[in-house]
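Colleague: Structure below; questions to follow.
The values are calculated or read from the model by the stated rules, or taken from the named source; none is laboratory data. This structure is a prediction, so every number in the text was calculated from the model and none was measured. FYI the Cβ positions are ideal-geometry reconstructions off the backbone, even for glycines, and counts take in every protein chain you see.
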Amino acid sequence: MSRRYKNVADVAGYVRMMDECGHAEVESETIEGETLMLEMILMQLRLNEGLSIGDCRVRTGVDPVVLFGDTLLRLVKQGLLTVTDARIALTHSGRLVANRVMEELAGMIECRYVAHPSITSPNPGISAGAPKRSARQTRFSSA
């Protein structure tokens, strides 16, 4: 679960709210389930270090390596992603088509939530019915 917030837009209002309230927040929402997973993919995968697999597991209750399975293998073989025990990251070639890669992964997330809406996990909105990781999915290489 995570929280998204918005501060007041104008500088004078921001300063006034900071003086009066100690913050300038004007709206907020809790993000969980599919939305949190999508945001983690969209935000972290663009970073040089990529998506933290452990952070994703902790925050969403879902292992992204299991969720994306064969799609990850294909993207690694295409030279667009690297996958280690800790991270999923775009390669140089992957950065050139980052939107396409993220669109594919986002589609996998959406399919999972639509296909298994009644399956729940420790975190609301996340399905827990993911298959166990096979030995083939444990380590990836682009060779």
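Colleague: What number goes with the only condition from (1) loosely packed, with under 15 Cβ neighbours inside 10 Å; (2) closer than 26 Å to Cys111 by Cβ that Gln44 does not pass?
Modeller: Only one criterion is unmet by Gln44, namely (1).
Colleague: Could you check how many residues of the stretch 68-83 are surrounded by 14 or more Cβ atoms within 10 Å (Cβ to Cβ) and not aliphatic (A, V, I, L, M)?
Modeller: Total satisfying the criteria: 5.
Colleague: Here is a further query. Mind checking which residues of the stretch 70-80 are of a type outside the set (Asp, Glu) and free of Cβ contacts under 8 Å to residues at least 24 places away in the same chain?
Modeller: Correct list: Arg74, Gln78, Leu80.
Colleague: Related question: Determine whether the stretch 12-30 contains at least one residue that is part of a helix (DSSP H, G or I), outside the structural domain of Asn99 (by TED's automatic domain parsing) and of a type in the set (Val, Ile, Thr).
Modeller: Checking the stretch 12-30: at least one residue is part of a helix (DSSP H, G or I), outside the structural domain of Asn99 (by TED's automatic domain parsing) and of a type in the set (Val, Ile, Thr).
Colleague: For Val62, are the conditions met, namely being of a type outside the set (D, E, K, R), buried (at least 19 other Cβ atoms within 10 Å of the Cβ) and not in a helix (DSSP H, G or I)?
Modeller: Yes: the conditions hold for Val62.
Conditions (1) on the phi > 0 side of the Ramachandran plot; (2) of a type in the set (S, T, N, Q); (3) at pLDDT 95 or above; (4) not in a helix (DSSP H, G or I), marked per residue:
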{"position": "Thr71", "(1), (2), (3), (4)": "no, yes, no, no"}
{"position": "Arg74", "(1), (2), (3), (4)": "no, no, yes, no"}
{"position": "Gly79", "(1), (2), (3), (4)": "yes, no, yes, yes"}
{"position": "Ser93", "(1), (2), (3), (4)": "no, yes, yes, no"}
{"position": "Met108", "(1), (2), (3), (4)": "no, no, no, no"}
{"position": "Val114", "(1), (2), (3), (4)": "no, no, no, no"}
{"position": "Pro124", "(1), (2), (3), (4)": "no, no, no, yes"}
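Colleague: Does at least one position in the stretch 50-57 carry a residue that is under 19 Å from Ser2 (Cβ atoms), free of Cβ contacts under 8 Å to residues at least 12 places away in the same chain and under 15 Å from the mean Cα position of the chain (by Cα)?
Modeller: yes
Colleague: Can you pull out the residues in the stretch 17-33 that are surrounded by fewer than 19 Cβ atoms within 10 Å (Cβ to Cβ) and touching a residue at least 40 places away in the same chain (Cβ under 8 Å)?
Modeller: Scanning the stretch 17-33 gives a single hit, Glu32.
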